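Presented below is the structure to which this report refers.
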Amino acid sequence: RLARQNLPRKAYGKYAGGSYDTFPIKVSGNANAFGGGLMTSLRYSESGRLELSAEVGYMDMDFNSSELLSSFSSKGLYYGATAGFVETLLPDLDLFANIQWLRKEKDDITDNLNQKIAFDSMQSLALRFGADYAFTSLDWGGLTPALGVSGIYEMDGESSVTVEGMTNNDASLKGMSGRGEFSLVYHNRDTFLPLHTVLTVYGQVGKREGYG
């Protein structure tokens, strides 16, 4: 039974950047996202907790396609929510699984060929599961290294693009991807204003390919 308690609430901010490739239409580019939100957690056992978060932010993506002879950028607000659980098997080892929903509204742009391009709203519903291992016995000047591996199964990830009135519905990220990451974690140990900072580099293979 979940214990009755005041739910801890935390505010966070983040920046994410990286590169990507899409198929079957060959498109490559860079993506940058600036966001923030609120998160909370609730323990259901000595070793496990439920986690919930809501996020809003700004996304800037560059598209370059030699196949389409086109390059352009798409910018706009996004919003989403995540729900899942974390189970601590060992003091340094966490297993996790969550569902993440994200949505970016439609965007109308003009590319380098002066073509009118309309992106339908983009929506993602992804299941993430994996493990994180923190090397808490190591202290690199206040930084703690950590490794993470995860699987990502995209259940939606479909959108349509209209170029000069012609619509293409082939864009899709539905399917399985794998992700590996290395992080440096910093805690300032300030009881008045505790801060938790994480710097992560990652690589992805599968339906989603890229790094950041």
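Things to note:
- Top-ranked residue of the stretch 55-67 - restricted to ones that are touching a Leu at 6+ places or on another chain (Cβ under 9 Å) and surrounded by 15 or more Cβ atoms within 10 Å (Cβ to Cβ), ranked as modelled with the lowest pLDDT: Met59
- Once the stretch 123-133 is narrowed to residues that are open to solvent by less than 30 Å² (accessible area, probe 1.4 Å) and touching a residue at least 40 places away in the same chain (Cβ under 8 Å), the residue that is farthest from Gln100 (Cα to Cα) is Gly130.
- Leading residue by the ranking (farthest from Phe72 (Cα to Cα)) among those in the stretch 158-190 that are modelled with pLDDT of 70 or more, open to solvent by less than 50 Å² (accessible area, probe 1.4 Å) and touching a Gly at 6+ places or on another chain (Cβ under 8 Å): Ser183
- Filtered by the rule that a residue be surrounded by 17 or more Cβ atoms within 10 Å (Cβ to Cβ) and modelled with pLDDT of 95 or more, the stretch 74-85 gives Gly80, Thr82, Gly84.
- Filter result (open to solvent by 60 Å² or more (accessible area, probe 1.4 Å) and either within 25 Å of Tyr79 (Cα to Cα) or part of a loop (DSSP other than H, G, I, E, B) (or both)) within the stretch 104-122: Glu105, Lys106, Asp108, Thr110, Asn112, Leu113, Asn114, Asp120
The values are calculated or read from the model by the stated rules, or taken from the named source; none is laboratory data. Since the model is a prediction, treat every value here as computed from it, not as a measurement. So basically every Cβ, Gly included, is an ideal-geometry build from the backbone, and we count neighbours across all protein chains shown. For the accessible areas, the whole protein counts, side chains as well, though only heavy atoms, and no ligand, DNA or RNA atoms are used. Shrake-Rupley method; radii C 1.70, N 1.55, O 1.52, S 1.80 Å.
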